[in-house]
Amino acid sequence: MSGASLLQKASAAVLAVLARAVTGVRPIWAGTSPNGPLRIYFANHASHGDFILVCTCLHLAERGRTAAVAGADYWNAGPVRRFIAGRLLRTVLVERNWVERRVDPMEVMLAALDAGESLIFFPEGTRNMTEEPLLRFRSGLYNLAAARPEVELVPCWIENMSRVLPKGAFLPIPLLCRVVFGAPLKLENGEDRKVFLDRARVALLALAPRKDGTPQ
């Protein structure tokens with residue numbers, strides 16, 4: 001194992017301990033088991049700590065083969081962020097600016113899947129800073145499902161993380177969190193892109209707590 005891999009493994013263990021200490025995060029495996037085939041965990045996105053929380057909920061072996069898809073424009077902005085993304089975290093960095101990008105994001109993500117990496121993916125494409133529970137899904141999840149139909153698509157609802165680490169905050173606020181893992185989805189033969197994305201969005205929203213705070 002390389003030095004970088006050892007550093008990432010140690011960092012993941014430390015971050016998992018810290019995440020549990022701050023959030024008391026509790027995984028709810030509502031529609032699937034913790035262990036399974038190659039997966040894309042697709043989740044709501046309101047905080048830079050979202051993928052850490054999902055990783056914390058995974059079993060050790062699954063965590064070791066799972067990488068978060070993140071924006072290269074953010075994580076490559078400055079040496080500290082580059083070090084965190086490149087050395088401490090297991091990230092697959094994609095260039096989101098279609099005008100300036102040099103590599104197609106699909107090529108990067110498919111290469112990671114083909115190398116045996118499960119992915120944590122945010123289909124909204126950016127953090128949700130609105131009052132809406134979930135933004136419109138962009139096409140990436142459909143494109144991945146069409147290109148690699150054998151990969152399981154597991155919806156994951158992250159609860160309260162936007163309040164633990166709100167935008168602009170440096171230190172987290174202690175608050176109980178949950179990650180609810182739903183039943184895997186598959187792209188149906190001939191299924192229209194919009195129909196699939198709407199179905200995936202509904203499946204993710206179904207895992208969110210009710211307005212009174214109780215689980216669905």
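The values are calculated or read from the model by the stated rules, or taken from the named source; none is laboratory data. This is a predicted model, so every value here is computed, not measured. Here Cβ is always computed from backbone atoms with ideal geometry, including for glycine, and neighbour counts include all displayed protein chains. These accessible areas exclude ligands, DNA and RNA; they are computed on the full protein's heavy atoms, side chains included. Shrake-Rupley method; radii C 1.70, N 1.55, O 1.52, S 1.80 Å.
Going through region 27-56 one residue at a time, which ones are under 11 Å from Val180 (Cα atoms), surrounded by fewer than 21 Cβ atoms within 10 Å (Cβ to Cβ) and of a type in the set (Gly, Ala, Ser)?
Matches in region 27-56: Ala30, Gly31.
Inside region 77-90, can you point out the residues that are in a loop (DSSP other than H, G, I, E, B) and within 19 Å of Leu119 (Cβ to Cβ)?
Selection gives Leu89, Arg90.
Exactly one condition in (1) over 14 Å from Tyr41 (Cβ atoms); (2) touching a Leu at 6+ places or on another chain (Cβ under 7 Å) is false for Ala67; which is it?
Here Ala67 meets the rest and fails (1).
Which one of the conditions (1) among the charged types (D, E, K, R); (2) free of Cβ contacts under 8 Å to residues at least 60 places away in the same chain; (3) under 22 Å from Pro37 (Cβ atoms) does Glu159 fail to meet, given that it meets all the rest?
(3)
Is it the case that Ala16 is within 21 Å of Thr126 (Cβ to Cβ), of a type in the set (Gly, Ala, Ser) and open to solvent by less than 50 Å² (accessible area, probe 1.4 Å)?
No, not satisfied.
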